[in-house]
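Before I ask anything, let me first share the structure, which is written out below as structure tokens.
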Amino acid sequence: MFDKLENKNIKPLVTVVIPYYNDGAYIEETVESMLNQTYKNIEIIIVNDGSTDDFSIQKLNIFNNSKIKIIHQKNTGLSAARNSGFKKAISEYILTIDSDDLFENTFVEKAIEILIKNDDTGAVSAWAEGFGVRKFLWKLTGGKIEDFVYGNQCVACALIRKSVWTKIGGYREELKNGYEDWDFWLRVTDLGYEVYVIPEPLFLYRQKNTSMLIETQKKHSKVYEEILTLNKNIFEKYFIELLVDKEKKNYQQAEQIAQKNQQLNTLRTSREFILGNRLISPLKRIINVFRKRVQ
């Protein structure tokens, strides 16, 4: 399908949604990483979520580009800001990125091709490479619901089908303490969609001395309990299924081992094995004597 679109020189619009709160020092770099994408049919919506820093508020005035729209709203949190951007977007393909992070310039081109070719893929992201005060390579795997019930397997920043966002009711705005991305992916994969992670470090995650992720990790137990409570039905359903499946696999492996042991015991008591063992025993003794002399 993507090839047909290429032949007709028609490429679907991608809307980039950037929640923004007091990030004036970084927003210009983030926007540039989007405008510099090799995939060019892009619009950008910056959602100013009630910034209080004068520098950050004034910084938004530098964007004089028809591709960039700015929404101002009172501070209602990251999930609400993302939802505002999704509601304003007219495209089916929406890229979420935080206002201090970056994508390598080939990401959109690679990600949209995957979405167009695979109807059962709900979102596409990539490995995350940390930069700033700490460097790392985060090789998350993505996957389906059986992967996400054990923990988050995708960063928040990804190219997402708007129709999937609509089906699950968007981001949960009551989640104010973090892990809203894990909650989002749980509900996406529960519908049967896959979250695909490109095995390349195409997402650049800025590491600062303080960040929302660091603050979330400090409150891990509380936030984790929130996610479990909100998705109780998902965890109950899939944990039971996965445990049963695991027990079946364990039983099958035990059966296979028992069969091999039985075959081995049968072999050991056979006339051929006993005779062969008698013939080779003298040779074993000679080898042992030779080893001792060499030592």
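The values are calculated or read from the model by the stated rules, or taken from the named source; none is laboratory data. The shown structure was predicted, so the numbers you read here are calculated from the model rather than taken from an experiment. SASA here: full protein model, heavy atoms, side chains in, ligands and nucleic acids out. Shrake-Rupley method; radii C 1.70, N 1.55, O 1.52, S 1.80 Å.
Would you kindly calculate the translational diffusion coefficient of region 1-110, applying Stokes-Einstein with the Kirkwood radius from alpha carbon pairs, for 37 °C and a viscosity of 0.692 mPa s, and quote it in µm² s⁻¹ without decimals?
The diffusion coefficient I find is 228 µm²/s.
Can you give the relative contact order of region 88-190 as a percent, counting alpha carbon pairs under 8 Å and 6+ residues apart?
With pairs under 8 Å counted, the relative contact order is 31 percent.
Now for a separate question. DSSP beta bridges in region 71-205, what fraction antiparallel, as a percent rounded to 5?
Rounded to the nearest five, the antiparallel share is 60 percent.
Sticking with this structure for a sec: Where both partners of a DSSP beta bridge lie in region 1-136, what percent of those bridges are antiparallel, to the nearest 5?
5
Hey, any idea what % of region 1-132's accessible area is carbon plus sulfur with a 1.4 Å probe?
Looking at region 1-132 in its full context, I get 47 percent from C and S.
Using the heavy atoms of the protein chains and a 1.4 angstrom probe, tell me the accessible area per residue for region 97-159 in square angstrom.
Solvent-accessible surface per residue comes out at 40 Å².
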